[in-house]
Amino acid sequence: MNTIANQPLPADVQQPSYDRSALRSRIVHIGFGAFHRAHQALLTDGCLTVRARLGAV
């Protein structure tokens, strides 16, 4: 899957604090439903943001 962030975003858009280029695909979504994928993305982003405190994701 490719990233869609090919152009710089405006300064008022919140950017992730973690290095996205260092991430590896480790989540597989089997099934259907954009609702689930959207919430899974929010939870994953939250985990990656506090990764240092969690020790593992």
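Just so you know, all these numbers are worked out from the coordinates, no wet-lab data involved. Remember, it's a predicted structure, so these values are computed and weren't measured experimentally. In this analysis, Cβ positions are derived from the backbone assuming ideal geometry, glycine residues included, and neighbour counts consider all displayed protein chains.
Are any residues in the range 17-53 in a loop (DSSP other than H, G, I, E, B) and loosely packed, with under 11 Cβ neighbours inside 10 Å, and if so, which ones? The answer is SER17, ASP19, ARG24, SER25, ARG26, ILE27, VAL28, HIS29, ILE30, GLY31, PHE32, GLY33. In the range 18-30, the residues that are under 16 Å from ARG51 (Cα atoms) reach residues that are of a type in the set (Asp, Glu) and not in a loop (DSSP other than H, G, I, E, B) with C-beta atoms within less than 9 angstrom, at least six apart or across chains, in these pairs: TYR18/ASP45.
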